[in-house]
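A short worksheet on the structure shown next.
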Amino acid sequence: MREHPLISRLRGLGLPAGDWALHGSGPLLLRGWIDEVGDLDVVCRGAAWDRALEVGEATILEPDAVDIVAVDGGAITIGRSWRYGDTPIDTYIDTAEEIDGIPCVRLEHIVAYKRLAARPKDLEHLRAIAERGP
């Protein structure tokens, strides 16, 4: 099976191990539970943030004033915080599980986020998780 182009692009960014994790819908894509994503969301800290600043464009995501780096016009968004919930970024990264060589935020955190966001795509993804998840 051919790897999704955004996953290939993410691998090519050279983000330092131990300082980032794929969040949002990306882990569902890696698991094969969904077929497509509009973009990838990455949480990071330290050396991964420094690397992100080298490969993308820093900006502020409104209305929450979240620091992000947009890569390829926002196809990959790398941030030092997460706008939904109050789980610390360090928890997302330190408890990440590896899927196909990529550190991913644990499923329980993704479920909590998608329940809070409750957009149509999140509800669809929650159904996919309920059908296939643990």
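Which fully enclosed strands (runs of 3 or more DSSP E) of the range 15-113 have 2 or more residues being in contact with a Ser or Thr (Cβ under 8 Å, 6 or more places away or on another chain)? Steps first, answer last, please.
Details: elements: 20-23, 40-44, 57-61, 66-71, 76-79, 97-99, 102-104.
Once the strands (runs of 3 or more DSSP E) in the range 15-113 are filtered for at least 2 residues that are in contact with a Ser or Thr (Cβ under 8 Å, 6 or more places away or on another chain), what remains is 40-44, 66-71.
Of the residues making up the range 84-131, just one is under 13 Å from the mean Cα position of the chain (by Cα), at pLDDT below 95 and of a type in the set (D, E, K, R), namely 114.
Here 32, 14 are screened, and the one residue that is at pLDDT 95 or above, surrounded by fewer than 20 Cβ atoms within 10 Å (Cβ to Cβ) and not aromatic (Phe, Trp, Tyr) is 14.
Taking residue 73 as meeting all but one of (1) within 26 Å of residue 3 (Cβ to Cβ); (2) modelled with pLDDT of 95 or more; (3) over 11 Å from the mean Cα position of the chain (by Cα), write down the number of the exception. Checking residue 73 against (1) within 26 Å of residue 3 (Cβ to Cβ); (2) modelled with pLDDT of 95 or more; (3) over 11 Å from the mean Cα position of the chain (by Cα), the one that fails is (2).
All conditions but one from (1) surrounded by 14 or more Cβ atoms within 10 Å (Cβ to Cβ); (2) farther than 22 Å from residue 130 by Cβ; (3) of a type outside the set (Gly, Ala, Ser) apply to residue 90; the one that does not is (1).
Inspect all residues belonging to the range 83-91 and state whether any of them is over 22 Å from residue 3 (Cβ atoms), in contact with a strand residue (DSSP E or B) (Cβ under 9 Å, 6 or more places away or on another chain) and either charged (D, E, K, R) or free of Cβ contacts under 8 Å to residues at least 40 places away in the same chain (or both).
Start the filter on the range 83-91 by keeping residues that are over 22 Å from residue 3 (Cβ atoms), which leaves 83-91.
This time we only want the ones that are in contact with a strand residue (DSSP E or B) (Cβ under 9 Å, 6 or more places away or on another chain), so: 83, 89.
If we keep only those that are either charged (D, E, K, R) or free of Cβ contacts under 8 Å to residues at least 40 places away in the same chain (or both) too, we end up with 83.
Yes - at least one qualifying residue is present in the range 83-91.
Of all the criteria given as (1) among the small types (Gly, Ala, Ser); (2) under 16 Å from residue 117 (Cβ atoms); (3) open to solvent by 50 Å² or more (accessible area, probe 1.4 Å), the one not satisfied by residue 73 is (2).
Suppose we filter the range 17-29 for residues that are buried (at least 16 other Cβ atoms within 10 Å of the Cβ) and closer than 20 Å to residue 88 by Cβ; how many remain?
8
Of all residues in the range 19-40, those satisfying the criterion of being touching a strand residue (DSSP E or B) at 6+ places or on another chain (Cβ under 8 Å) and over 13 Å from residue 104 (Cβ atoms) are 19, 39.
The values are calculated or read from the model by the stated rules, or taken from the named source; none is laboratory data. Just so you know, these numbers come straight off a predicted model, no measurement behind them. Please note: Cβ atoms are built from the backbone with ideal geometry, for glycine as well, and neighbour counts cover all protein chains shown. Accessible surface is based on the protein model in full, side chains and every heavy atom, while ligands, DNA and RNA are left aside. Shrake-Rupley method; radii C 1.70, N 1.55, O 1.52, S 1.80 Å.
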